[in-house]
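Worksheet: one structure, shown below.
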Amino acid sequence: MKKLFEKNPMFHYTFVLAVVSIACGIVIGGVHAITNPIIQDNLLAAKVESYEQVLKGIDDFEEIKVTDEYPSSVQSIAKGFAANDDVLGYIYEVYGTNSYGNMTVVVSVGLDGKILGAQFLTIEQTLNVPGTRTNLSYYVGSNIADLQPSADLISGATGSLSTLQGLLGDLANAHSIAVGEVILDPLDEVYGTGYTLEVDNTFVATAHVTSRSNVLQGSETVGYVFSLTGSGEYQDGVTDSIVMDIYFNSNDEIVEIRLPEDTYNHSSGGFKNKNIAYLEEFIGLTKEDISATVNGDNQDITAGASNTRALIDELLLAFLSEVA
């Protein structure tokens, strides 16, 4: 062997490198075998700790298999139990990325569909991390089927907020699958499941009323909806627009007035919720009753919501004068 090495130095070097590589592989494999269980235990401990923080009273949990029918952002789902084996709720772990980094959110949902707790398991964002944490906290108490923050969301990290809201939307879909329920449109009760909207092309748009659609159940018209839009001041001289959809049944009674989230550019959170509560006063009324309600003596307005309320009243009165 010595003579072979002396005659073939390259063979000697190759042999030495091979022995060193094998030795290093054995060492690395041994270290991995030792450290990997520790790493997994630490990850499990972190997950259990997060479960305890978002679902008070949890004593045990059962993992639910995440299949292809769930959104890809969903990393894990667990059913949480109290000490007496009663189900407390469901816990979801969702993961998302954006140009600022990534985030992992853990959220618990009670049996009544309300978010009981929420926190970031990890958050690696380069902008306004404290604000993003606060924004998540505002969704605690909201119904998972109708995600409404309890206060105005903090701006300054639009990408982070969009990612967070997307993850919460995925979580809502995951919850409907996990509990075997479908998040129903409230209008299903009025118009029947499977209703459709058909734009009325004969309607001529006005200054504030942009469209009319018929609500169909099969081929039968069971209602109609008008879409209104306008702009107004809502905060410290800032002016922007909102869209409002008024739904009627076949008896010309208002069954719902909606302020779609994607076209609502005024203060959200508690301010918006106050205005939604105001619009609920119109349910069951006919067009003829709108004016009396708008001009009625109702001063129960949260500070900061009054400007948007004024715009809502303006749109309702414009609807009466321009169409109804």
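What follows draws every value from the coordinates through simple rules; no lab data is involved. If you're wondering where the values come from, they're calculated on a predicted model, not measured in any experiment. As a convention, Cβ positions derive from the backbone with ideal geometry for all residues, glycine included, and neighbour counts pool all protein chains shown.
If I model a spin label as a point 7 Å beyond the Cα along the Cα-Cβ vector, how far apart are those points for ASP313 and GLN53 in nm? Taking the two extended label points, one gets 4.6 nm. FRET efficiency for the pair THR126 and ASP188, taken as 1/(1 + (r/R0)^6) with r the Cβ-Cβ distance and R0 = 25 Å, rounds to 0.05. The mean of 1/r over all distinct Cα pairs in region 60-178, once inverted, gives the Kirkwood hydrodynamic radius of 14.5 Å.
Going from the residue with the fewest nearby Cβ atoms within 10 Å to the one with the most, HIS266, HIS208 rank HIS208, HIS266. Candidate cross-link partners of LYS56 among the aspartates and glutamates, defined by an alpha-carbon separation under 16 Å and a same-chain spacing of 8 or more, comprise ASP85, ASP86, ASP112. Taking every alpha-carbon pair within region 188-322, the share separated by more than 23 Å comes to 34 percent. Taking label points 7 Å from Cα along the Cα-to-Cβ direction, GLU63 and THR97 give a separation of 2.3 nm.
With a sphere of radius 10 Å drawn around the Cβ of ILE257, what net charge do the other residues whose Cβ falls strictly inside it have (Lys, Arg +1; Asp, Glu -1)? All intermediate terms of the calculation are to be shown ahead of the outcome.
Numbers: positive: ARG258; negative: ASP245, GLU256, GLU280, GLU281.
That sum, taken over residues with Cβ under 10 Å, equals -3.
Extension gain, SER241 to LEU320, is 26.5 nm, computed as 0.36 nm per intervening residue step minus the present C-alpha separation.
Close amide H partners of GLY89, meaning residues 5 or more places away or on another chain with modelled amide H under 5 Å apart, are GLY80.
R0 = 35 Å: FRET efficiency of THR263 with GLN75, Cβ-based, nearest 0.05?
Numbers: r = 32 Å, r/R0 = 0.92.
Efficiency computed from Cβ-Cβ geometry: 0.65.
In this simple spin-label approximation, THR221 and SER250 carry label points 7 Å from Cα along the Cα→Cβ vector, and these lie 1.2 nm apart.
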